[in-house]
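Take a look at the structure below.
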Amino acid sequence: MINLEIPKKFVPLVAQANQVAKEVFRPISRKYDEAEHTYPKELDMLAALIDGMNDGSETDGAGAAGVRRTRGSDDGVRNGSNMSTALSIMELCWGDVGLLLSMPRQGLGNSAIASVANDEQLARFDGMWAAMAITEPEAGSDSAAIRTTAVLDESSGDYILNGEKIFVTSGDRADLIVVWATLDRAVGRAAIKSFVVERDNPGLQLERLEHKLGIRASDTADFRLVNCRVPKKNLLGSPTVDVKGGFGGVMQTFDNTRPLVAAMAVGLTRACLEETRRLLGEAGVEVDHDAPAALQSAAAAELLGMEADYEAARLLTLQAAWMADNDKPNSLQASMAKAKAGRTCVEVAIGCVRLCGSLGYGRELLLEKWARDAKILDLFEGTQQIQLLIIARQLLGKSSAELR
Amino acid sequence: MSVAERSMGLGLRALGRLAGSELVDRVGARKPAERALYRATREGFRAAGASARTFKAAQQRKEPARLKPAADRGLFDLTPSDEQQMIQESFRAFAAERLRPAALAADGACAAPAELLEQVGELGLTMLGVPEELGGAVSERSTLTAVLATEALAHGDMGLALAALAPASVASALSLWGDVEQQATYLPALVGEDIPAAALALHEPRALFDPRKPATTARRDGADYVLDGAKSLVPLAERASLLILGAQIEGRGPGLFLLETGSAGMLVKPTPGMGVRAAGSGELRLKDVRVPAGALLADGDPVVYAECVRRARLGWCALAVGTAQAVLDYVIPYVNDRVAFGEPISHRQAVAFAVSDIAIELEGMRLATLRAASRADSGRTFAAEVALARSLCAQKGARIGSEGVQLLGGHGYVTEHPVERWYRDLQAVGVYEGALLV
């Protein structure tokens with residue numbers, strides 16, 4: 001039966017996450033925006049709390065590991081951990097995107113491990129914080145072009161990794177880095193595998209931490225891998241190069257994580273809209289949902305349009321998560337959610353700054369910070385343009401060779 | 001089989017060509033089309049209700065029959081019920097086989113073929129919002145079902161869908177708000193075999209029209225109300241024998257009146273617009289039109305009036321979703337088949353990304369529309385959700401109409417392809433108030 005309301009059983013979880021965002025994130029939001037590269041120690045306590053929430057039950061997952069797909073045993077409709085994770089991320093990012101990204105044990109690497117690791121690896125990496133290293137100086141969106149190599153050393157049974165990785169979110173703070181590397185550059189994407197590298201591996205050398213436009217609470221690290229030895233058992237997925245299987249193994253993670261990044265954008269968008277609604281209310285402007293848009297003030301009409309885009313982004317995100325929970329292929333819907341939520345949060349955030357004038361642009365309130373934070377959400381986990389490419393290829397039935 | 005052959009696009013284009021030259025002539029549609037336009041532009045107002053019918057109350061119940069709220073399982077779910085899927089499938093098939101092929105000629109004629117509307121009646125469209133005990137087909141509130149049916153029909157043609165849905169809207173309104181006598185008087189005919197043309201008349205002919213403040217007035221005079229004013233964008237205007245009409249009740253607020261078009265003092269004029277022309281829209285003038293006090297719906301409750309406006313907007317959202325889906329389904333095979341600079345134009349990002357954007361915004365329109373409808377069925381408030389859906393469907397819908405033409409280039413500008421009609425139709429979504437409801 002069609003129903004697009006928040007599932008009843010997740011209402012307490014949403015309220016809980018909202019409390020965390022309000023009481024923990026918001027009060028320290030500006031502090032860590034200004035103190036870039038300082039570890040937000042307030043989050044340690046919180047991480048333990050989130051671990052507790054995750055262990056609570058299979059359906060109440062709230063963290064990065066909530067994206068693991070499990071086959072439903074019953075034939076009914078499921079509202080599972082993909083949705084509960086998306087919902088709690090929306091709330092936490094209503095609080096602060098940078099702090100969410102800094103949450104211990106909630107890295108995208110954790111999502112990757114949850115998506116593709118075998119049971120032995122799941123157990124071994126349990127309770128650890130995993131970052132994700134894909135991008136290189138010469139390969140960003142074109143992740144099939146990465147140059148970091150992995151060579152199997154038959155004598156020791158280790159893979160030896162060499163290369164350079166940039167833009168690794170939580171790279172300095174995490175326990176593990178999931179590194180994409182190629183077994184054979186000549187083969188292309190099918191040879192790309194992901195390896196779990198421990199942060200204290202001597203072959204993993206921190207080059208520097210980036211200074212950024214926004215999400216400054218989150219550290220972004222650049223690494224050099226120099227003869228970095230990784231045990232065979234740390235390879236995620238199949239070790240063989242299956243040309244037909246292609247990119248499937250490593251890309252599968254994205255179908256699950258894109259709705260989560262979309263959820264981050266949805267949360268930030270709501271923060272901007274609520275603050276702007278408050279400030280416009282003080283200025284005597286309110287949206288009247290029954291009045292024709294043309295009869296409202298320009299500011300109210302603009303706010304209404306932004307609310308509508310928010311609603312579309314939010315529902316697209318919930319749709320993608322719902323499909324993941326019900327084991328429906330959702331690659332198209334995940335990209336649609338990411339594309340819509342990513343561009344909506346940027347447009348809304350800068351629109352709200354404009355509507356609120358000096359209150360929006362100044363640093364006393366958080367609108368200007370949110371407008372800086374927003375931009376990353378239309379970039380990482382696949383830029384707007386990459387999402388549009390994925391969507392178009394699926395709709396038009398085109399290969400990446402035809403539609404480049 | 002190529003993508004183009006598998007999709008409906010190729011068949012449509014072939015049909016479009018035929019219609020452009022032979023078919024229209026063969027079925028003798030060109031002359032009536034020209035006549036309709038000529039008459040619309042040259043003729044003034046004439047007496048309304050040429051096909052007027054009289055309605056008599058059938059056996060009455062003690063209480064009006066009302067649909068109960070839909071059950072709420074508390075789960076997020078995008079799966080239509082089995083019945084909704086059946087309705088979707090049959091209406092989609094009907095839209096593809098009957099509405100789409102008739103759309104071009106009906107657009108030219110500014111009218112839906114009578115036999116087509118009869119066929120729609122056979123589908124049981126007017127029964128979808130009416131309780132079983134009143135001869136309808138449902139036992140729970142069915143806004144969602146109506147949205148899905150509307151979307152399916154609009155995939156065939158928005159104008160024809162509007163013509164088909166206008167009487168069903170009046171039936172639904174009577175189920176929602178009619179008293180025993182009103183239900184007994186009008187519903188048997190609306191769910192019967194020979195369905196009267198009927199429509200919801202809210203719009204008025206002036207800029208910045210606000211449906212909450214109609215200039216049409218209803219003055220109490222003894223046992224009657226006296227109506228004065230003008231209503232525009234009324235579908236099936238010349239054929240309608242029954243209208244639900246919005247008017248400002250003197251000393252109270254806006255209310256809805258059941259109006260049989262045979263009443264003295266009513267004039268009607270066809271006013272074909274930019275699009276949705278198959279719906280046969282027209283303008284009504286009312287001068288000292290007398291209706292009995294019993295014609296007032298829901299005792300003039302302003303809450304009901306507001307809900308009527310919202311449900312009408314939701315109906316337009318469903319029309320927009322269906323037509324925007326038609327645009328997407330049409331441009332995909334076109335941009336894959338069309339070759340420029342040695343390869344299909346879909347190999348260019350500028351073209352491919354435009355297709356992606358249509359798909360993204362369309363899906364957002366659909367989900368927002370479904371959410372508002374499901375809230376209506378489960379008895380929740382839905383005013384804000386309708387406003388959001390309308391904002392999306394009006395703005396993105398109009399843009400999708402424009403992009404559809406753009407992607408076909410010059411070919412999109414000529415009537416050989418339906419995208420020029422969809423461009424015109426989709427502009428209606430942000431303009432119309434009333435006309436139909438779900």
Exercise. Between B:ALA264 and A:GLU34, how many nm apart are label points set 7 Å from Cα along the C-beta direction?
Worked result: 8.2
Seminar exercise, completed: Amide H proximity to B:VAL130 below 5 Å, modelled H, separation 5+ or other chain, gives B:ALA137, B:VAL138
Problem set entry | Those Cys residues of the protein assembly as shown for which no other cysteine Cβ falls under 4.7 Å | A:CYS93, A:CYS228, A:CYS345, A:CYS356, B:CYS110, B:CYS308
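Consider all pairwise Cα distances in chain B and report the whole-number % of them above 32 Å.
Numbers: 33181 of 95703 pairs.
The calculated P(r) of chain B puts 35 percent of pairs beyond 32 Å.
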For this session: Work through the residues other than B:PHE91 whose Cβ is under 14 Å from its Cβ and net out their charges, Lys, Arg +1 and Asp, Glu -1.
Result: -3
For this session: Place a +1 charge on the Cβ of each Lys and Arg in chain A and a -1 charge on the Cβ of each Asp and Glu, then give the dipole magnitude about the Cα centre in debye, rounded to the nearest 20.
Result: 680
For this session: Could you please rank A:MET264, A:MET128, placing first whichever residue has the fewest other Cβ atoms within 10 Å of its Cβ?
Result: A:MET128, A:MET264
Exercise. Taking the alpha-carbon centroid of each part, what is the distance from the range A:127-169 to the range B:301-365 in angstrom?
Worked result: 41
Problem set entry | Relative contact order, percent, the range A:85-172 [alpha-carbon distance under 8 Å, six or more residues apart] | 25
Exercise. R0 = 25 Å: FRET efficiency of A:ALA401 with A:ASP119, Cβ-based, nearest 0.05?
Worked result: 0.10
For this session: Please determine, in degrees from 0 to 90 and to the nearest 10, the orientation of helix B:302-337 with respect to the longest principal axis defined by the Cα atoms of chain B, where the helix direction is its Cα long axis.
Result: 10
For this session: Could you list which residues have their amide H under 5 Å from that of B:TYR225, counting only those 5 or more apart in sequence or on another chain, with H placed in the peptide plane?
Result: B:VAL291, B:ALA293
Problem set entry | Overall Cα dimensions of the range B:250-382, principal axis frame, Å, largest first | 70, 39, 19
Problem set entry | For q = 0.13, 0.17, 0.19, 0.21 Å⁻¹, Debye-computed log10 I/I(0) when each Cα of the range A:275-349 counts as one equal scatterer | -0.50, -0.71, -0.79, -0.87
Seminar exercise, completed: With the 8 Å Cα cutoff and a minimum separation of six or more residues, chain B has a relative contact order in percent of 21
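Inverting the mean 1/r over all pairs of different Cα atoms, compute the Kirkwood radius of the range B:126-235 and quote it in Å.
Numbers: mean 1/r = 0.0640 Å⁻¹.
Taking the inverse mean of 1/r over all distinct Cα pairs, the range B:126-235 comes out at 15.6 Å.
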Exercise. What's the extension gain from A:GLU23 to A:GLU198 if we count 0.36 nm per residue and subtract their Cα-Cα distance?
Worked result: 59.7 nm
For this session: Provide the net charge surrounding B:ALA264, with neighbours chosen by a C-beta distance below 15 Å and charges set as Lys +1, Arg +1, Asp -1, Glu -1.
Result: -1
Exercise. Among B:ALA279, B:ALA207, B:ALA350, which one moves the most in a GNM of chain B with springs linking Cα atoms closer than 10 Å?
Worked result: B:ALA207
Exercise. Taking every pair of alpha-carbon atoms in the protein assembly as shown, what share in percent sits in each 20 Å bin, from 0 to the bin with the longest distance?
Worked result: 15, 43, 30, 11, 1, 0
Exercise. Which values of log₁₀ I(q)/I(0), to two decimal places, follow from the Debye formula for the range B:316-438 at q = 0.13, 0.23 Å⁻¹ with a uniform point scatterer at every Cα?
Worked result: -0.53, -1.24
For this session: Using only atoms on other chains, find how many Cβ atoms lie within 10 Å of each Cβ of peptide B:94-104 and report the average.
Result: 0
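Taking R0 as 60 Å, what's the FRET efficiency between A:GLN385 and B:GLU181 from their Cβ-Cβ distance, rounded to 0.05?
About 0.45, to the nearest 0.05.
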Exercise. Can you list the lysines whose alpha carbon sits under 26 Å from that of A:LYS375, skipping same-chain ones fewer than 8 residues off?
Worked result: A:LYS22, A:LYS31, A:LYS41, A:LYS165, A:LYS212, A:LYS338, A:LYS340, B:LYS396
Seminar exercise, completed: Simple spin-label estimate for A:GLU282/B:ARG399, 7 Å along Cα→Cβ, in nm, reads 3.1
Exercise. Suppose R0 equals 45 Å; then what is the FRET efficiency for B:ASP224 and B:ASP72 from their Cβ-Cβ distance, rounded to the nearest 0.05?
Worked result: 0.55
Seminar exercise, completed: Looking only at aspartates and glutamates whose Cα falls under 19 Å of B:LYS287's and that sit 8 or more positions away or on another chain, we get B:GLU204, B:ASP221, B:ASP224, B:ASP228, B:GLU238, B:GLU250, B:GLU260
Exercise. Mind checking which helices in chain A clear 20 Å along their axis (Cα) and have mean Kyte-Doolittle hydropathy of 0.0 or more, DSSP H runs only?
Worked result: A:81-95, A:248-282, A:298-325, A:331-361
Exercise. Could you list log10 I(q)/I(0) for the range B:217-300 at q = 0.16, 0.24, 0.26 Å⁻¹, which the Debye formula gives when each Cα is one point scatterer?
Worked result: -0.58, -1.13, -1.27
Problem set entry | Rounded to whole Hz, the Karplus (6.51, -1.76, 1.60) HN-Hα couplings of the range B:244-253, x for glycine and proline | 10, 10, x, 8, 7, 7, 3, x, 10, x
Problem set entry | Sequence ranges A:4-15, B:352-363, B:282-293, A:93-104, ranked by mean other-Cβ count within 10 angstrom, highest first | A:93-104, B:352-363, B:282-293, A:4-15
Exercise. By what distance, in whole Å, do the Cα atoms of chain A stretch along each of the three principal axes, largest value first?
Worked result: 75, 48, 44
Problem set entry | Length-normalised contact order for chain A - Cα pairs under 8 Å, 6+ apart - percent | 16
Problem set entry | All-pairs alpha carbon distance profile, the range A:257-395, 10 Å steps from 0, percent | 13, 39, 29, 16, 3
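We did not get these values from a lab; they are worked out from the coordinates using the rules stated. As the structure is a prediction and not an experimental result, all values here were calculated from the model. FYI the Cβ positions are ideal-geometry reconstructions off the backbone, even for glycines, and counts take in every protein chain you see.
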